[in-house]
Amino acid sequence: MALFILRRLIQSLFVLLAVSIVVFFAVYAVGDPIELLVSPEASLADRQQMIARLGLDLPVWQQYAGFMWRALHGDMGTSFVQGVPAISLILQRLPATFELVVAAMLMTCVFGIPLGLLAGLRRDTALGRGILATSVLGFSLPAFWLGMMLILMFAVWLGWLPASGRGDTVSVLGVPFSFLTRDGLAHMAMPALNLALANVALILRMTASGVAEAESQEYVKFARAKGIRPRRIVNRHILRNILIPVVTVVGLEFGQLIAYSTITETVFAWPGMGKLLIDSVYQLDRPVVVAYVMFVTFLFVVINLIVDIMYAALDPRVQLSAPAH
Amino acid sequence: MPDSVSSSRTRTVPPLAETPRRVAILRKLHGRPTARGTLIILAVLALIIMIAPFFAPQNPYDLANLSIMDGRLPPRSTAMDGHMYLMGTDDQGRDMFSAILYGIRISLLVGLSAVAIATAIGSFVGLLAAYVGGRIDAALMRLVDFVLGFPSILVALVLLAVLGRGVDKVILALVLVQWAHYARIMRGRALQERRKEYVEAAMNLGFPAWRIMLVHLLPNCVGPILVYATVQIAHAIALEATLSFLGVGVPITEPSLGLLIANGFQYLLSGDYWISLFPGLALLFLILTINILGDRLRESLDPRR
Amino acid sequence: MSDLLLDVRGLRTAFHTTAGAWPAVDGVDLTLRRGEILGLVGESGSGKSVTGFSLMGLIDPPGEVVAGEVRFKGEDLRKRNEEGMRRLRGNRIAMIFQDPLMTLNPVLRIGEQMAETILTHENVSRADAMARCVEALAMVGIPSPQARLRSFPHEFSGGMRQRVAIAIALLNNPDLIIADEPTTALDVTIQGQILYRMQEICRTRDTALIWITHDLGVVAELADRIAVMYAGRIVETGPVDEVLDAPRHPYTQGLLRSMPGTTQPGARLRQIDGMAPSLSARPSGCPFRPRCGHAITRCTEQFPGPTREGSRTFHCYAPVARVGGQV
């Protein structure tokens, strides 16, 4: 087990390294940030000063080397636009994204699994078929469009929920979170739902097809031959088996959600990391973009590792000491 | 000597009579009939796309046509020159209906090209990896795993941030994000096929590698790729719309549906819903139709039938 | 005949396909007394497994039991609803499946899968149920049964898994056990052990057993009576020694002859020419006719009715001659 974790950690480090190289050099090729940050009337001396301050006059590889050195010491560059460390900007926005993502995950499980069970068990009824058909909409329609429709329906036409922004926050352990206030929840409801919708559809379908597959398994037939009640067959025998792939997907999707929050945060003007990324891309604020990608990659890697471990805990057949793939 | 079994000479037992129960059981098993209707709808759509320039009441990109005085008119209002705006106008005075027709065109163009190119590249890589095997296979698959490890939206976003806006750049970004999926599918399938005897026979006959790969292996591996590609078209269209909405996609001179929606977003709250809603509905329609078509295609290709 | 535990008459189970519905089990009659062991023999596709499932009421679409009576302790089971059948299953009638790896749920512990069989039918405490499980495991010869309760199925070997399945069948002391080829997937030595145990258990508890198999050797050792199936029909039944010593139906004779042990060393192995017909291509009249050496014209017209000889029954117009001695 320890060997497994060690091996995965080393793999992750390589991934991080590769990503940092790719991103840094890619972003380096973009426009000229000087044009953005210095007014056309600025003197040449001012420009030189700016270039020197931001380290833009050094050769590329030196910039990268400097960047990596600083990154390993926790310094991922300073925002061109705001002049503060990029990583602090990201960390500042992290709680907002985090609570959104967690809320979305909760919704996914709370809506996705029961609806999926229903659709799977009542496959032959109009209800079951209807649920499955509607679920297609969840992941084929673009998230931003769904978000807009939500705003249109609940904010503009019905006026029940606020259209954008984050609500009042309360400090928990020194970190501001908004889910503890009523206003916060009202603001969070739509974005979280929007973020969750694609996943709800996915988990729903996975659960439904898992039920269908499980029902045709021999052990279900055997359970019936033993006279076990249908309720228990579903809850104990079937659910346990389909929960394994579902949990895996839920775990993996966590990382995806952090990425997709970009869209939701833009639609709902939610002040999270995703919005920060979009704004930084617009403003050609390279350090922030690079820091964001590195940070998110890091999150992914950690999440994947946790999911692998959880999978092993749920499925007694998996031997983690065996070589991966 | 006992007769050999030959059902042509032996009368066999006829099947049991039809019962309502039997009909019900069969209906549950064998699902819905194939819908040629979807194909027809799509053909009509394609036709509309083709003739949009002639069909649209107005060329939405010819600035000379636009009059700001006609801006933000609700659906079914009349223009200064008397003709009716079926779906209203946007803030620049553009007729939404025409803009949508053009927008569908761009969306379809981007979606189809991206998928076509990604399929070609991905299939080739997968085929190569499966056929050659060894280190090259390992290296290619490491690359594929790496690419697939990231959410497509993030990669596309950063890519386009680097490359700037433009239809060709969007297609490039979409291709880069998608190709790895095809590579993986193709490789899996090709590995299975590779073990079959016809490949061995071709190798023994001394055919060059490229010929075996393209002429012998490829046609047999095309099935799952085709199915996946159909689904991916809708996905590519959605992704392009998202990127354009976020402001990194197609430029303002050739707005796709996504960009139209983005344009109208700011007016949503003030009640001028049509600027976003109608392009949105068009996008919806497009995606759903392609998805349903993909489903039908998948069903008809299913070997179990 | 009220002392019969099981009395099946005219059982017909059909399978629906788009091309038509055909009976996998086509008019089967079976009888069974308390504590009796019946060997149901037939090749693949003969319908023997389907018969077993039909008795338990476990035929799912596209299958359907279309006709017949299944009298268990005097009551026609076909008239019971699903909940009624559920109360019998695992309780008064138990089943053992062929492949123990697939029939035990891989993510649940053995103890739970055993105990649930008791707990679903009786109102006992969990501790009592577990105690009975330990007893059952011991009875089928599983070492350290108490510890084994916490194991998962994949931790057992094939033979042990099948023993667990047998133990489960015995938990509620059923009147009838239907075993569907339980030893086919196991190697011969294990098979022998399990057969021995089954026989012992059934004798001591007076449990009736239907042992479904294609292996005549197993039946010879284990069963009291034998029923031979071909293409969905029973062609011969009777006490095992009598039938195997002097078969009356040509198919039974063919089966016996094709067993390697019955051929002289060095002589050619005998076989029955041709192949068993598929479900939709069964010949009319007697389905065995195309492969039968005795066939007469009458065989194409109608399936032969039962001919009784003492406690034996067979369905043939031109049976094997009743000569004493070897086959």
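Values for this structure:
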| read-out | value |
| --- | --- |
| Residue satisfying all of: in region B:247-261; surrounded by fewer than 24 Cβ atoms within 10 Å (Cβ to Cβ) and of a type outside the set (Ser, Thr, Tyr); farthest from B:ARG165 (Cα to Cα) among these | B:GLU254 |
| Residues being among the small types (Gly, Ala, Ser), without any contact (Cβ under 8 Å) to a residue 60 or more places away in the chain and under 23 Å from C:ASN91 (Cα atoms) - total across region C:137-188 | 3 |
| Tally, over region A:241-293, of residues that are without any contact (Cβ under 8 Å) to a residue 40 or more places away in the chain and among the charged types (D, E, K, R) | 1 |
| Helices (runs of 4 or more DSSP H) completely within region C:92-174 that count 1 or more residues being within 30 Å of C:HIS214 (Cα to Cα) and among the hydroxyl-bearing types (Ser, Thr, Tyr) | C:100-103, C:110-119 |
| Of residues in region B:266-294 being facing chain A (nearest Cβ under 9 Å) and among the β-branched types (Val, Ile, Thr), the one farthest from B:LEU112 (Cα to Cα) | B:ILE292 |
| Residue in region C:101-111 that is touching a residue at least 60 places away in the same chain (Cβ under 8 Å), among the hydroxyl-bearing types (Ser, Thr, Tyr) and under 17 Å from A:LYS221 (Cα atoms) present | yes |
| Strands (runs of 3 or more DSSP E) enclosed by region C:186-303 - at least 1 residues per element that are among the aromatic types (Phe, Trp, Tyr) | C:208-213, C:225-230 |
| Where B:ALA130 falls short, out of the listed (1) away from every other protein chain (no Cβ under 14 Å); (2) in a helix (DSSP H, G or I); (3) surrounded by fewer than 22 Cβ atoms within 10 Å (Cβ to Cβ) | (3) |
| Members of region A:203-221 that are away from chain C (no Cβ under 13 Å) and either in contact with a Phe, Trp or Tyr (Cβ under 6 Å, 6 or more places away or on another chain) or among the polar types (S, T, N, Q) (or both) | A:THR207, A:SER209 |
| Residues (facing chain B (nearest Cβ under 9 Å) and buried (at least 16 other Cβ atoms within 10 Å of the Cβ)) located in region A:143-162 | A:ALA143, A:PHE144, A:TRP145, A:MET148, A:MET149, A:ILE151, A:LEU152, A:ALA155 |
| Candidates A:SER135, A:SER140 - the one that is touching a residue at least 12 places away in the same chain (Cβ under 8 Å) and within 14 Å of chain B (Cβ to nearest Cβ) | A:SER135 |
| Residue in region C:300-308 that is more than 14 Å from every other protein chain (Cβ to nearest Cβ), farther than 20 Å from C:SER46 by Cβ and surrounded by 12 or more Cβ atoms within 10 Å (Cβ to Cβ) present | yes |
| Count of residues meeting criterion [modelled with pLDDT under 80 and of a type in the set (Phe, Trp, Tyr)] in region B:160-179 | 0 |
| Verdict on C:MET85 being surrounded by 16 or more Cβ atoms within 10 Å (Cβ to Cβ) and either away from every other protein chain (no Cβ under 14 Å) or more than 29 Å from C:ARG312 (Cβ to Cβ) (or both) | yes |
| Sole residue being at pLDDT 75 or above and not in a helix (DSSP H, G or I), chosen from A:ARG129, A:ARG93, A:ARG123 | A:ARG123 |
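The values are calculated or read from the model by the stated rules, or taken from the named source; none is laboratory data. None of the values given here were measured: they were computed from a predicted structure. All Cβ positions, glycine included, derive from the backbone under ideal geometry; neighbour counts span all protein chains shown.
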